[in-house]
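A.B. asks: If you scroll down you'll find the structure; I have some questions about it.
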Amino acid sequence: MAKTYDYLFKLLLIGDSGVGKTCVLFRFSEDAFNTTFISTIGIDFKIRTIDLDGKKIKLQIWDTAGQERFRTITTAYYRGAMGIMLVYDITNEKSFENIKNWIRNIEENASADVEKMLLGNKCELEEKRQVSKERGEQLAIEYGIKFIETSAKASIRVEEAFFTLARDIKAKMEKKLEASNPPKGGHQLKASEPQRKPTNWLSRCSLL
Amino acid sequence: MIVNKLVKRRGNDGIFCNKDLTRHQQNQAYVTRKEFKQRLDNETWLSDSVSSSEICGDNYNVFRSSKGRKGRGVLTDVNCKISAQCICVTSPFEEIDILVVKLCYCSEPLIVINLYIPPGSQTQLNESVFEYLEESHITGMTLIAGDFNIPEYFATTRYAQNPSSVCQTLNQFIDYNELRQNNFVKNRNNRILDIVLSSEKIKCNVDHMEEPFVAEDPHHPSLGVELTVETKQEVVFEAQRDSVRYNFRKADFHSLYDAMLKTDWLKTGWSVKTASLSCHGSSVSQPLGPEEQEAIVNVIKRAEEVDLTEQERVGRLIERLENMRRNALGRNPSQCLLCGDGFGMLGAQKVLCIDCKRLVCQKCAIESCTTKNTSCRNYWLCLICAETREIWKKSGAWFFKSIPKYILPSEKSYRQAGSKIIRNAKAGYRDDDSSSDEDRKVWGKIHRRNSSTESTHDVHESVQDIPTMSTYNRQTTTSDSQLTKDVEPLKGYMGAMSLAEKSWEKDQVSGESSEASRRESTVSRSLSEWNWSDSRSEEKVSPSTSSVSSIFKTSDEHKHSDTSLGTIELSLTYDPITTTLLCTVYRAKNLIPMDINGLSDPFCKLNILPNAKMSTRLRTKTVHKTRNPEFNENLTFYDITDTDLMKKSLHVLVVDDDKFGHDYMGETRIPLAKLKQQNTIYVTAPLEEMRQEHKGPLPAPELNQWFDDLWSRGQILLSLGYSTKRRALLVTVCRCVNLLPMDNNGFSDPFVKLQLRPDPYHRKHKTSIKWKNLNPVYNEEFAFDTRPNELATQSLYITVYDKDYGKSNDYLGGLILGGTGSKGLRLKQWLDMIRYPDHRHEAWHNLTEEVLD
């Protein structure tokens, strides 16, 4: 109750188990990192309010379990999400290949105009890299979404990723609301209420 | 059996390049008046500047692929009655035009392919075209027609000894797809350039058209095609062309199960890095442990809290908007909608709100601009519409496409105040409460019987709790409607929440924690249901026990009373010290339906009569799509003296909120004299018909005074009738009254325009102009040729204008009668007209300020 905000955006993190979704979120919400691996149970969420172009935006970020056994729970949260971050691990080829499965999952379960973003996590482990940055970029282009390589551990571009996604959602919202009420062109002036202006009245007077 | 008239023709040079000529062609089509189901044209040469409606009129859906180049373009017109869908407009081949339209007459869709292959194209190209058609479009029901430009192809040379390579390709194509060539009409050179291919299922009869739609080309005779489709009575499950059908009943389920068990799912798609999951196979079905369940429940609870704050926040926004709406002062178009300032030379500068299309002053509007393709266009938004847009942003409605669930601040305060009583009640009754709604309803009924017949063991509570209970009982009867109302916005995020809960409950075997969570959620649900009954009990502190019993009486009474127009429940509290009269409008029941869907959008207008001041009019918010609205709203009248109580009465008017004017749904008058003896009265009053003196064109002056925003634009008397002899709708514009003065002389020069939409003949009618008259009498009759079965989808647009010379006419008011877009009396008159042809149906209607164009 204490904090007021202008907009509430619901975001979702998905990706294979162990790619670092929880750590990314932990870094963003608490600016901290935990090296021990604790598998997320089902779902969890964190909240952070950010300031974007003078508007306070409350981000409710849902962290999902990557494990298959929680899939029924996690997919239920797709529909409410306005933005989804697809996370993979750059040191794990398989997690990258699975991104297309996750995309398919989104297409099946999420709202059609959900904003998506691709995140290659653990980019500080350059020596163990299996997925090149170019491949990530290539995949993102293929799906027409944005791509950022992050590191939750070294705190690289995590903030940037969430801000970018929030900014995209906000832009979409503004565009959509403008489009949903398309201002019609001049004809409504003609057919609308009588546009009686003083000049008209005066001109009639002078005619008389 | 389906008969198709299909015409194939060739455009002459220039015909379609010229707009006027196109129109000429369109007229020609009407002159022939031949109804056809579809029409295919080749070489249309249509440029984009020609609009589709010009080609064939409104009755036909036009699909076209016109590249605007010389000698190119294909076009398919389909009668509007047939549902058609264009599958492919842009041909994948640069040189060749292909237009594929899917038509649905029967169980299986008919694919109509309109093709144009320019002369001298390569055999290879033709091959790839045929391949493309084979792969993507041809089904069991296909019709291909078009100019193939293969002059050496004769129907008779189909099995010739040495066909050219082009003919060979075509023959292969025909054979492979089990098609048939149907066109044997030869052109002047004794050749067949236009080829009509159809599937085996379709019997196709091609004839030379005697009356071509357009001037005939010597190379391309106009063809009339009659299609007969043999529809077998087989059930087709799949309408999709490219999907494979399986017979699941014949599946070998045993081996399927085995295969599924044997499959190493972990290697098929999903990667796993965790050690705990190395035991594959069983992990998928592994149920959730108790700690896991608890963890999830905790998360869901936390999420519920977040949702609650969000719902409250949205509620605050909504309330603010509702207040703004209710406080709007403008009563007629010469005033600002919001602040009520008059426009004029000395008054405020007026602007038109782009969303609600109403006039507001510049102070009450915000100027914004859209940037579309770098061109910036300014527009105005009234504060209400600006706020509405803002709410759509802030509540997330922009994403979920409807306003999500919210809690109004007033409800919240009731909830907090009432929670103590609930706890009391819970202790007494709710221990054995089951979670399902049905059970609770039964429980409520039992309890009602108990409390009404005799005092049983339950009545150990204080008297104060009894009204709570009784209202609770009533609440359960209406809870269904409220539940559905609540459920609707759940589509979005909340839907996901409950889904998650459900799916998780499915997953888990059992667990105490889940029990706890479920109970938790029921409690929170019951809380929201209770909140309004608590509001009752909260106000109930002032009246004595005698008034408590009066609730029971009134609620019993209303069951027996005549409720043809429905009833309204409200309470009145008079405070002599502050001289205020507080009206709480609870709900209305069994209101008459106004919309075609059998529902209404009611709101209440309250006024103290007689001699009401303008400022004493109050209104509730509108409750949409219901006949049993729950208003639960407090409205306060100020400066009510004791003498007022004796003389005056409260007038409650229930009105249907509609974009095109408000409609009367019932009224009631409650004398205030009763409040002299008792501070609070509860009333359940039946709604009455409009009083006799109000009928007719002129409402009673007392009503008129505060109905002026409803009836400010005047009224019109219209008579409708369908003449089966003339096969036409006859509309008589009898007269208008109370029109707005638009000219400087204090009068208007009104005339009435009539238009039936959609109308294939685009007929418009106009009455004569009655000079300097605000109550003109026309008695002019107009006829619209139409069929009775079309009337249901048509609407009559009636607009009244003030004739002006030297500038555009002023809009005086309008009205829509018809199956779509009208309700109430307007809908009734229209339906009566359809139901009882050859009769005159006369009715008065209010003109609305809504601009109909």
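The values are calculated or read from the model by the stated rules, or taken from the named source; none is laboratory data. Worth saying up front: this structure is predicted, and the values here are computed from it rather than measured. As a convention, Cβ positions derive from the backbone with ideal geometry for all residues, glycine included, and neighbour counts pool all protein chains shown.
A.B. asks: Residue check, B:Lys764 against (1) away from chain A (no Cβ under 14 Å); (2) within 30 Å of B:Ile354 (Cα to Cα); (3) touching a residue at least 12 places away in the same chain (Cβ under 8 Å), all met but one. Which one?
C.D. replies: (3)
A.B. asks: Restricting to segment A:94-124, name every residue that is of a type outside the set (Lys, Arg), within 14 Å of another protein chain (Cβ to nearest Cβ) and under 13 Å from A:Thr150 (Cα atoms).
C.D. replies: Within segment A:94-124, A:Asn121 is the sole residue that qualifies.
A.B. asks: What are the residues in segment B:818-853 that are away from chain A (no Cβ under 14 Å) and in a strand (DSSP E or B), if any?
C.D. replies: B:Gly818, B:His841, B:Glu842, B:Ala843, B:Trp844, B:His845, B:Asn846
A.B. asks: Which condition number does B:Pro118 fail, the rest of (1) part of a loop (DSSP other than H, G, I, E, B); (2) touching a helix residue (DSSP H, G or I) at 6+ places or on another chain (Cβ under 8 Å); (3) modelled with pLDDT of 75 or more being met?
C.D. replies: (2)
A.B. asks: Inside segment B:313-349, can you point out the residues that are touching a helix residue (DSSP H, G or I) at 6+ places or on another chain (Cβ under 6 Å), modelled with pLDDT of 70 or more, in a loop (DSSP other than H, G, I, E, B) and within 14 Å of chain A (Cβ to nearest Cβ)?
C.D. replies: If the condition is that a residue be touching a helix residue (DSSP H, G or I) at 6+ places or on another chain (Cβ under 6 Å), modelled with pLDDT of 70 or more, in a loop (DSSP other than H, G, I, E, B) and within 14 Å of chain A (Cβ to nearest Cβ), then B:Cys336, B:Gln349 are the ones that fit.
A.B. asks: Of B:Leu774, B:Leu815, which residue is crowded, with 18+ Cβ neighbours inside 10 Å, more than 14 Å from chain A (Cβ to nearest Cβ) and in a loop (DSSP other than H, G, I, E, B)?
C.D. replies: B:Leu774 is the lone residue from the list that is crowded, with 18+ Cβ neighbours inside 10 Å, more than 14 Å from chain A (Cβ to nearest Cβ) and in a loop (DSSP other than H, G, I, E, B).
A.B. asks: Right, next: Quick test of your reading of the structure: B:Gln829 fulfils all but one of (1) under 20 Å from the mean Cα position of the chain (by Cα); (2) of a type in the set (S, T, N, Q); (3) buried (at least 17 other Cβ atoms within 10 Å of the Cβ). Name the failing condition by number.
C.D. replies: Of everything listed in (1) under 20 Å from the mean Cα position of the chain (by Cα); (2) of a type in the set (S, T, N, Q); (3) buried (at least 17 other Cβ atoms within 10 Å of the Cβ), B:Gln829 misses just condition (1).
A.B. asks: What residue, of A:Gly15, A:Gly80, is in contact with a Gly (Cβ under 7 Å, 6 or more places away or on another chain), more than 8 Å from chain B (Cβ to nearest Cβ) and in contact (Cβ under 8 Å) with a residue 60 or more places away in the chain?
C.D. replies: Selected residue: A:Gly15, the only one of A:Gly15, A:Gly80 that is in contact with a Gly (Cβ under 7 Å, 6 or more places away or on another chain), more than 8 Å from chain B (Cβ to nearest Cβ) and in contact (Cβ under 8 Å) with a residue 60 or more places away in the chain.
A.B. asks: Follow-up. Please work out which one of (1) more than 19 Å from B:Gln829 (Cβ to Cβ); (2) touching a His at 6+ places or on another chain (Cβ under 8 Å) is the condition B:Pro741 fails and give its number.
C.D. replies: B:Pro741 satisfies every listed condition except (2).
A.B. asks: Look at segment B:206-218 and say how many of its residues are under 25 Å from B:Val166 (Cα atoms) and modelled with pLDDT of 75 or more.
C.D. replies: The total comes to 1.
A.B. asks: To continue, here is another question. In segment B:629-658, what residues are at positive phi and surrounded by fewer than 17 Cβ atoms within 10 Å (Cβ to Cβ)?
C.D. replies: Passing the criteria: only B:Asp639.
A.B. asks: In addition: Test each condition in (1) over 20 Å from A:Ile43 (Cα atoms); (2) free of Cβ contacts under 8 Å to residues at least 12 places away in the same chain for A:Asn101 and report the one that comes out false.
C.D. replies: Every listed condition holds for A:Asn101 apart from (1).
A.B. asks: Identify the single condition in (1) free of Cβ contacts under 8 Å to residues at least 60 places away in the same chain; (2) within 14 Å of chain A (Cβ to nearest Cβ); (3) in a loop (DSSP other than H, G, I, E, B) that B:Leu740 does not satisfy, given that it satisfies every other one.
C.D. replies: In the conditions (1) free of Cβ contacts under 8 Å to residues at least 60 places away in the same chain; (2) within 14 Å of chain A (Cβ to nearest Cβ); (3) in a loop (DSSP other than H, G, I, E, B), B:Leu740 misses (1) alone.
A.B. asks: Follow-up question, since we're still on this one. Looking at the structure I just gave you, is B:Val284 among the hydrophobic types (A, V, I, L, M, F, W, C), out of contact with any His (no Cβ under 8 Å at 6 or more places or on another chain), modelled with pLDDT of 70 or more and part of a helix (DSSP H, G or I)?
C.D. replies: no
A.B. asks: Let me ask something additional. Among (1) touching a helix residue (DSSP H, G or I) at 6+ places or on another chain (Cβ under 9 Å); (2) at the interface with another protein chain (Cβ under 7 Å from one of its Cβ atoms); (3) modelled with pLDDT of 80 or more, where does B:Thr309 come up short?
C.D. replies: Failing condition for B:Thr309: (1).
A.B. asks: Residue check: is A:Gln130 within 14 Å of chain B (Cβ to nearest Cβ), part of a loop (DSSP other than H, G, I, E, B) and at pLDDT 90 or above?
C.D. replies: In short, yes.
A.B. asks: Right, another one. Taking only pairs six or more apart or across chains, which ones have beta-carbon atoms under 6 Å, a first residue in segment A:33-48 that is more than 12 Å from every other protein chain (Cβ to nearest Cβ), and a second residue that is of a type in the set (Ser, Thr, Tyr)?
C.D. replies: Close Cβ pairs satisfying both conditions: A:Arg48/A:Ser29.
A.B. asks: Could you check segment A:40-106 for strands (runs of 3 or more DSSP E) lying wholly inside it with 3 or more residues that are farther than 20 Å from B:Val306 by Cα?
C.D. replies: Ranges flagged: A:83-89.
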